[in-house]
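Okay, so here's the structure we're looking at.
The values are calculated or read from the model by the stated rules, or taken from the named source; none is laboratory data. On a predicted model such as this, the values are computed, not experimentally measured, just so you know. So basically every Cβ, Gly included, is an ideal-geometry build from the backbone, and we count neighbours across all protein chains shown.
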Amino acid sequence: MNAPVTPEMAVNVGGIAMRNPVTVASGTFGYGVEYAEWIDVRRLGAITVKGIRLEAWPGNPLPRHVEVPGGMINAIGLQGPGVAGFIGQYMPRLREFGVPVIVNIWGTSLDEYAEVAARLSDVPGVSALEINVSCPNVKAGGASFGTDPAALASVVAAVRRRTKLPVIPKLAPNVPAMGPFARAAVEAGADALSLTNTIPAMAIDIETRRPVLANRIGGLSGAAIHHVALKHVYDAAQAVKVPIIAMGGIFGAREAIAFLIAGATAVAVGTANFIDPTTPLRVIDGIRDYLIRHRMASVSELTGSLQT
Amino acid sequence: MNAPVTPEMAVNVGGIAMRNPVTVASGTFGYGVEYAEWIDVRRLGAITVKGIRLEAWPGNPLPRHVEVPGGMINAIGLQGPGVAGFIGQYMPRLREFGVPVIVNIWGTSLDEYAEVAARLSDVPGVSALEINVSCPNVKAGGASFGTDPAALASVVAAVRRRTKLPVIPKLAPNVPAMGPFARAAVEAGADALSLTNTIPAMAIDIETRRPVLANRIGGLSGAAIHHVALKHVYDAAQAVKVPIIAMGGIFGAREAIAFLIAGATAVAVGTANFIDPTTPLRVIDGIRDYLIRHRMASVSELTGSLQT
Amino acid sequence: MPICDAITLKHVPLTGGYRLLRLQAPAIAGPARPGQFVHLRIPGLEPTALRRPFSIYRAEAGELSILYKRVGRGTEMLATLQEGTTVSLMGPLGNGFPLTDGTTKPVLIGGGYGVAPLVFLASRLPRKGVILMGGRSAGDLLCIEDFEALGWPVETATEDGSRGTRGYVTALLERHLESTDAAPELFACGPDGMLRAVGARAIATGCRAWLSLDHHMVCGIGACLACIQKVHTPGGGTRLARVCKDGPVFEAREIVWKEPS
Amino acid sequence: MPICDAITLKHVPLTGGYRLLRLQAPAIAGPARPGQFVHLRIPGLEPTALRRPFSIYRAEAGELSILYKRVGRGTEMLATLQEGTTVSLMGPLGNGFPLTDGTTKPVLIGGGYGVAPLVFLASRLPRKGVILMGGRSAGDLLCIEDFEALGWPVETATEDGSRGTRGYVTALLERHLESTDAAPELFACGPDGMLRAVGARAIATGCRAWLSLDHHMVCGIGACLACIQKVHTPGGGTRLARVCKDGPVFEAREIVWKEPS
Ligand SMILES: Cc1cc2nc3c(=O)[nH]c(=O)nc-3n(C[C@H](O)[C@H](O)[C@H](O)COP(=O)(O)OP(=O)(O)OC[C@H]3O[C@@H](n4cnc5c(N)ncnc54)[C@H](O)[C@@H]3O)c2cc1C
Ligand SMILES: Cc1cc2nc3c(=O)[nH]c(=O)nc-3n(C[C@H](O)[C@H](O)[C@H](O)COP(=O)(O)OP(=O)(O)OC[C@H]3O[C@@H](n4cnc5c(N)ncnc54)[C@H](O)[C@@H]3O)c2cc1C
Ligand SMILES: Cc1cc2nc3c(=O)[nH]c(=O)nc-3n(C[C@H](O)[C@H](O)[C@H](O)COP(=O)(O)O)c2cc1C
Ligand SMILES: Cc1cc2nc3c(=O)[nH]c(=O)nc-3n(C[C@H](O)[C@H](O)[C@H](O)COP(=O)(O)O)c2cc1C
Ligand code: FES
Ligand code: FES
């Protein structure tokens, strides 16, 4: 039984045909164009762009980040050009790359989510919508849409009704168990799931006794969260059948492969882009090498292959 | 206005009179006696011992831990001698130290929690009960007592009814927001709160495609979780008035001071004990130095001093 | 753009806790312009540590140098770097200073490690000018010989009076602007307070001031939005520029200073 | 017990990727007994990295040595340690081997770095015996000269036959037990499979076998319960011993082997 020299790397994530299972995490890769000066972005399985809401949004005051052991905390605050700005400024260039584009969207009300989804629905080159539910639900007093299964379901359903694109809710990690969230999202119409987002965290400057971040609270990302995300991905894969895009602390092929083994169909490189922009390409190569070394014909053999 | 040369370090945590605000985290300091060979444990503000249930408990199979970036994942599985074993084997020695002893207790039913509390209630030398709610609620199908405010309240109330000792529920970090849990615990009779426990996490050996831990899932501790715990401590301190014992990734005075500024009255050193057993003593000295340098008369000035 | 593994050619301590690091990095040194910076991955920090930005101090014959100060755990670790060790660099990054057309007289104003890019600038400007240099004390005055070697007069100010005029470098600037006849054009790099003062003075005087901002960075290439600065747009509005990509150099009139908090 | 900052006196590569590290650590070297270990904090790993346990290879005149193999990120980093650098050590830890009363003939069985504590043991036992040494190939046979210097005969086995008998060290043991008249007492350190085989043989033969277990450790001092081993109690029951504190040496009959999984 000879394994093929070049294993099959293509995957289909809820309708997105990716040439390999590696994308980038929203907010860590700008709008695709910035890193195009540094790496061959055409090699990516997909490009996931920074979160977009209906209108342009200024984000938070500075400082917006702080380095911490094993990662960083960010409170960029979802600065962005709004739907129209995004389509006008970035989609022409993004289309040229010939890579599926996943647009990360958010809002502070169900209506806003739905409206953003509708406006992106027929834009050529947009392949899927990733729904960021880790942002404040203004109507519900600022609680996040992502930490209550019913609220999550309502956002997914609202978006689902207004688009034919694949809908990929991106789940928050600060929950007791991922199962109920994964099921709620899928029942509401999710084609795939992304997980996870950053973990809410805080840093204090002990000399000034002030929060380091102007926003006080931010999201922890990087190596520190990898093993927490891995558990969530595993739990989600046990709970639902839709494909999962896994992220959290991928710094090389090792973490990506662990996510695939735990049940992910694709992976996204986040914080590591800042440290080594070639990380997504190294991950692609590393997964391929692993498949060859383990005589696997296709990356799909890896997905969910955990022996327990 | 001259600050005193020796600032006041004593604190009172829900009835436990501690000579300084530094204790150790349950499970990272054995039963106190082990590290007594290495450091002067009489200098600690309190000794918190490993989790005890009613009967002796074997814990999980090996491997029980794995090192990960910024920390470790453990699945010791609460191995312990049971209440009687603990009292007989360890309390005589612990009493000699002349330091308050906080006993971490657990069970798999409300009755067991209550029974353990009752049996420890009149044991000389036991100063308080820390309730570990991050363990499976067998009746509720294995879900944790610590991730549902109502379940948490029922455990706290059950223990409260059977003891006159200070009751200190130890809250789990894998929740959307700490406020509701802190309030539920205090309303059910908690005298103080401990937070946080480890974050559920998983590690996979990609070569064998098996979970590294025999128990599959474990708890992430160490530097990786510090800033997540810090946010939870801040949120809890905003929500309730009872004293908080803060833990998670304390490796030196810096993290301990951040916890105090965020609202903690005392702190506990955990994983760092394994790497440098002198950490709790360094933390005591470092807090004192900080108070002197910042001309503060008492550690209580630090508690909740965050400028926002 | 290149991500280079650069070899450490020389690494020497200077006065006042500053250090000079010379790297072999032809792919970056070649295209580098004054005011641009490199984003450096510090060997010995954990592999997940963020890169650190440093201005390019010299770039010639395939070599690239930076001057840095030990201020935190990254630069402490950098200070232990052995010659011969490989360092990962991204660059050249940012817009850099404009090289002007020679119709104005360049006045360079630098504080601390801020003089590093000004040396590179002085070597490339079409016309000689003057450098006004400030620091806490004599040890913080760097690269004086570099400017002298280029034939640029150097005026210095120290807060403790240990060298040059006692006081801030902006006092030198005041005096200079009052006494000069030539149309001055200012180029400044240094602490925030200095940049503000220089900018305010330039606006009052009616000359241009190119200010290199020192915002904390993550990606260094315009992708993460960690380093934004509110700037005026030609249309009378404002926008959020990225200091790493749209800067670090901005003309004083562009910048919307936030209230000192 | 002491936590020492020990200075690296010598650090040299041996055959087969092994290295010898000599440290100045009088407070630990003094009381150290064969079979005990030190828990070492590896400089260069992030400050939150766990300690690593290493058997004591030599302890004399205030010096303490270990022999180690590069197998993972900790030992890779350790291999870069410069002489003169300070290393934090906890020790001496664990129970160590019994030094026996001289009525039995010691048969030492070692594999890989497992010979390290056996050298120390041979130097302290009241009676000379023999060392049976195994490894994948000749490069994995360590410390032969040490045993010879102590006047102990050395028998070797390699899996590839590159030195000594081809095969496992346990074959040497079989032969030895069949041919000897003296009452043997076994002392073994090495891979799990070897220890099991030695233990089984000892039980079958009716001699004692002291086995040094190699469990992964966290605290190294008995506090965390990461390193437990189920052992028989005198009363006929079992208990969970801590390899770091109650071991690492157990007599073969004590150990409740888990099913090979
Ligand atoms: C465009 C630009 C050019 C620079 N040029 C130089 C130079 O030529 N020489 C020099 O010595 N320094 C320069 N700096 C500052 C230098 O980047 C910081 O001193 C360095 O990052 C500090 O790292 P650390 O780990 O030692 O400090 P820490 O305070 O431990 O760093 C923690 C974090 O804060 C960031 N940080 C800390 N101080 C600064 C700062 N002043 N500016 C930006 N980020 C900071 C670090 O990058 C890191 O992410 C420049 C900064 C910028 C933005
Ligand atoms: C009592 C005792 C004595 C030992 N004596 C020696 C000795 O004299 N020479 C020597 O070379 N090695 C010895 N070891 C094994 C040594 O501790 C490991 O090789 C070392 O910890 C590997 O670390 P690493 O970071 O290179 O490997 P990694 O695999 O990257 O380490 C990851 C984790 O696994 C643990 N680990 C990995 N392998 C082992 C192992 N075989 N045993 C225990 N823990 C392990 C590490 O401590 C660390 O926590 C001994 C182990 C024990 C328990
Ligand atoms: C600077 C930064 C900005 C981010 N912006 C977004 C965003 O706009 N939308 C979103 O869903 N997630 C955002 N994230 C979260 C990442 O997409 C990702 O889920 C998270 O960082 C975990 O992956 P990592 O550990 O590999 O970084 C952002 C993360 C960082 C570090
Ligand atoms: C090996 C180990 C064992 C633990 N055992 C217990 C326990 O028995 N009961 C408990 O409430 N917490 C237990 N914990 C959690 C710690 O008390 C502490 O809450 C957590 O480790 C976070 O602190 P740290 O990051 O400083 O380690 C354990 C942690 C570790 C690492
Ligand atoms: S540092 Fe990322 S945009 Fe400037
Ligand atoms: S390693 Fe902690 S008990 Fe043995």
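So, of the residues in segment D:206-259 that are β-branched (Val, Ile, Thr) and within 16 Å of ligand 4 (Cβ to nearest atom), which turns out to be nearest to D:ALA182 (Cα to Cα)? Step through it out loud before you land on a result.
Kept after step one, since they are β-branched (Val, Ile, Thr), are these residues of segment D:206-259: D:218, D:221, D:228, D:231, D:233, D:238, D:243, D:249, D:255-256.
Now narrow it down to the ones that are within 16 Å of ligand 4 (Cβ to nearest atom): D:218, D:221, D:228, D:243.
Values: D:VAL218: 40, D:ILE221: 37, D:ILE228: 34, D:VAL243: 31 Å.
Ranking the qualifying residues of segment D:206-259, first place goes to D:VAL243.
Restricting attention to segment A:67-105, the residues that are in contact (Cβ under 8 Å) with a residue 40 or more places away in the chain and buried (at least 20 other Cβ atoms within 10 Å of the Cβ) add up to 20.
Name the residues in segment D:129-148 that are part of a loop (DSSP other than H, G, I, E, B) and under 23 Å from D:LEU99 (Cα atoms), would you?
Here is the first cut: in segment D:129-148, the ones part of a loop (DSSP other than H, G, I, E, B) are D:129, D:136-137, D:141-143.
Answer for segment D:129-148, where residues must be part of a loop (DSSP other than H, G, I, E, B) and under 23 Å from D:LEU99 (Cα atoms): D:GLY129, D:LEU142, D:CYS143.
Taking the options B:ALA223, B:ALA253, B:ALA272, name whichever one is within 16 Å of ligand 3 (Cβ to nearest atom), over 20 Å from B:PRO176 (Cα atoms) and not polar (S, T, N, Q). Unique residue meeting the criteria: B:ALA223. When segment D:77-88 is filtered for residues that are within 13 Å of another protein chain (Cβ to nearest Cβ) and within 8 Å of ligand 2 (Cβ to nearest atom), only D:MET77 remains.
Need at least 1 residues that are polar (S, T, N, Q) per element, so show me which strands (runs of 3 or more DSSP E) inside segment C:1-112 make the cut, counting only ones lying wholly within it. Break it down stepwise before answering.
On the way: elements: C:3-13, C:18-24, C:37-41, C:52-55, C:58-60, C:63-69, C:86-93, C:105-111.
So the answer is C:3-13, C:18-24, C:52-55, C:63-69, C:86-93.
More than 16 Å from ligand 6 (Cβ to nearest atom), outside any strand (DSSP E or B) and within 14 Å of chain B (Cβ to nearest Cβ): does that describe A:PRO61? Break it down into steps so the answer makes sense when it comes.
Details: more than 16 Å from ligand 6 (Cβ to nearest atom): yes; outside any strand (DSSP E or B): yes; within 14 Å of chain B (Cβ to nearest Cβ): yes.
Criteria met by A:PRO61.
Scanning segment C:33-65 for residues that are among the basic types (Lys, Arg) and within 14 Å of chain A (Cβ to nearest Cβ) returns C:ARG41, C:ARG51, C:ARG52. One residue stands out among those in segment C:17-50 that are within 25 Å of C:SER137 (Cα to Cα) and crowded, with 17+ Cβ neighbours inside 10 Å: the one that is nearest to the chain's Cα centre (by Cα), which is C:GLY35.
Give the residue, chosen from C:PRO2, C:PRO92, C:PRO98, C:PRO53, that is under 26 Å from A:ILE39 (Cβ atoms) and surrounded by fewer than 20 Cβ atoms within 10 Å (Cβ to Cβ).
Numbers: C:PRO92 fails: surrounded by fewer than 20 Cβ atoms within 10 Å (Cβ to Cβ); C:PRO98 fails: under 26 Å from A:ILE39 (Cβ atoms); C:PRO53 fails: surrounded by fewer than 20 Cβ atoms within 10 Å (Cβ to Cβ).
Of C:PRO2, C:PRO92, C:PRO98, C:PRO53, the one residue that is under 26 Å from A:ILE39 (Cβ atoms) and surrounded by fewer than 20 Cβ atoms within 10 Å (Cβ to Cβ) is C:PRO2.
Could you say whether any residue in segment A:104-124 is at pLDDT 95 or above, touching a strand residue (DSSP E or B) at 6+ places or on another chain (Cβ under 6 Å) and within 14 Å of another protein chain (Cβ to nearest Cβ)? Yes, segment A:104-124 contains at least one residue that is at pLDDT 95 or above, touching a strand residue (DSSP E or B) at 6+ places or on another chain (Cβ under 6 Å) and within 14 Å of another protein chain (Cβ to nearest Cβ). Here D:TYR68 clears all of (1) near ligand 2 (Cβ under 8 Å from one of its atoms); (2) within 14 Å of chain B (Cβ to nearest Cβ) except the condition numbered (2).
So which residues in segment B:191-222 are in contact with a Ser or Thr (Cβ under 6 Å, 6 or more places away or on another chain), at the interface with another protein chain (Cβ under 9 Å from one of its Cβ atoms), buried (at least 24 other Cβ atoms within 10 Å of the Cβ) and more than 17 Å from B:SER144 (Cα to Cα), if there are any at all?
First, the residues of segment B:191-222 that are in contact with a Ser or Thr (Cβ under 6 Å, 6 or more places away or on another chain): B:197-198, B:209, B:219-222.
Now drop any that are not at the interface with another protein chain (Cβ under 9 Å from one of its Cβ atoms), which leaves B:209, B:220, B:222.
Then keep just the ones that are buried (at least 24 other Cβ atoms within 10 Å of the Cβ); that gives B:220, B:222.
Answer for segment B:191-222, where residues must be in contact with a Ser or Thr (Cβ under 6 Å, 6 or more places away or on another chain), at the interface with another protein chain (Cβ under 9 Å from one of its Cβ atoms), buried (at least 24 other Cβ atoms within 10 Å of the Cβ) and more than 17 Å from B:SER144 (Cα to Cα): just B:GLY222.
Looking only at residues in segment D:206-250 that are more than 30 Å from B:PRO277 (Cβ to Cβ) and touching a residue at least 40 places away in the same chain (Cβ under 8 Å), the one that is farthest from ligand 1 (Cβ to nearest atom) is D:CYS207.
Listed here are the residues, each with its yes/no results for (1) in contact with a helix residue (DSSP H, G or I) (Cβ under 6 Å, 6 or more places away or on another chain); (2) buried (at least 24 other Cβ atoms within 10 Å of the Cβ); (3) modelled with pLDDT of 95 or more.
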| position | (1), (2), (3) |
| --- | --- |
| A:VAL242 | yes, no, yes |
| A:ILE250 | yes, yes, yes |
| A:ARG254 | no, no, yes |
| A:ALA262 | yes, yes, yes |
| A:THR265 | no, yes, yes |
| A:GLY270 | no, yes, yes |
| A:PRO280 | no, yes, yes |
| A:ILE284 | no, no, yes |
| A:ARG288 | no, no, yes |
